[in-house]
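The structure appears right after this line, and notes come after that.
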Amino acid sequence: MRVAVVGKGGSGKTSVSGVLARTLAQAGHRVVGLDCDTNPNLGLSLGVGDLETERLLSLRDQIDEGEQAHAHTWADILDSYGVDAPDGVRLTVVNRIDNPEPD
Ligand SMILES: Nc1ncnc2c1ncn2[C@@H]1O[C@H](COP(=O)(O)OP(=O)(O)OP(=O)(O)O)[C@@H](O)[C@H]1O
Ligand SMILES: [Mg+2]
């Protein structure tokens, strides 16, 4: 199942995404959170803290600027550019995903 949360600025997208992801993970589902916001702060809702949230944004910037290699599979993306959040959610911060090869 894929769930996209969109809406106006300040409407509660990040809060809803965080609660939904953590609730599903607590219920035993495998949950991957993809933060595609220009100002990504899902890490705060998921509980990884300021430093990890900023580190993931910095990694995304480095990829965009060609300083870090693109990952080519979902597994690589989550392994290289993800972090484990409390409750079992795997979080990554991405602008877009270009045709990842199947794992
Ligand atoms: N259900 C709610 N009840 C009360 N306050 C809420 C609720 N959901 C979100 N808020 C508050 O509203 C503000 C915006 O929430 P949030 O950051 O989740 O929105 P957003 O849509 O992700 O914002 P942005 O567009 O800036 O990314 C925050 O201060 C948050 O605490
Ligand atoms: Mg937000």
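The values are calculated or read from the model by the stated rules, or taken from the named source; none is laboratory data. As the structure is a prediction and not an experimental result, all values here were calculated from the model. We place every Cβ from the backbone using ideal geometry, glycine too, and count neighbours over all the protein chains shown.
Things to note:
- Among (1) surrounded by fewer than 20 Cβ atoms within 10 Å (Cβ to Cβ); (2) more than 12 Å from the chain's Cα centre (by Cα), the one test that L44 misses: (2)
- Scanning the range 70-93 for residues being assigned to a loop (DSSP other than H, G, I, E, B) and modelled with pLDDT of 90 or more gives a total of 1.
- Residue in the range 42-64 that is touching a Leu at 6+ places or on another chain (Cβ under 9 Å) and among the hydroxyl-bearing types (S, T, Y) present: yes
- Test result for A21, within 16 Å of ligand 2 (Cβ to nearest atom), touching a residue at least 40 places away in the same chain (Cβ under 8 Å) and either part of a helix (DSSP H, G or I) or closer than 16 Å to V93 by Cα (or both): yes
- Residue in the range 60-67 that is within 16 Å of ligand 2 (Cβ to nearest atom), out of contact with any Phe, Trp or Tyr (no Cβ under 6 Å at 6 or more places or on another chain) and in a helix (DSSP H, G or I) present: yes
Results for (1) on the phi < 0 side of the Ramachandran plot; (2) in contact with a strand residue (DSSP E or B) (Cβ under 7 Å, 6 or more places away or on another chain), shown as yes or no for each residue.
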position: K8; (1), (2): yes, no
position: T14; (1), (2): yes, no
position: A21; (1), (2): yes, yes
position: Q26; (1), (2): yes, no
position: V31; (1), (2): yes, yes
position: D37; (1), (2): yes, no
position: G49; (1), (2): no, no
position: E52; (1), (2): yes, yes
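- When G49 is tested against (1) exposed (fewer than 11 other Cβ atoms within 10 Å of the Cβ); (2) modelled with pLDDT of 95 or more; (3) away from ligand 2 (no atom under 16 Å from the Cβ), just one condition goes unmet, and that condition is (1).
- Selection over the range 6-17 of residues that are within 8 Å of ligand 1 (Cβ to nearest atom) and either touching a Lys or Arg at 6+ places or on another chain (Cβ under 9 Å) or closer than 17 Å to D87 by Cβ (or both) gives a count of 5.
- Residues being part of a helix (DSSP H, G or I) and either within 13 Å of ligand 1 (Cβ to nearest atom) or of a type in the set (D, E) (or both) - total across the range 27-52: 7
- Odd one out for L24, checked against (1) at pLDDT 95 or above; (2) more than 16 Å from ligand 1 (Cβ to nearest atom); (3) exposed (fewer than 12 other Cβ atoms within 10 Å of the Cβ): (3)
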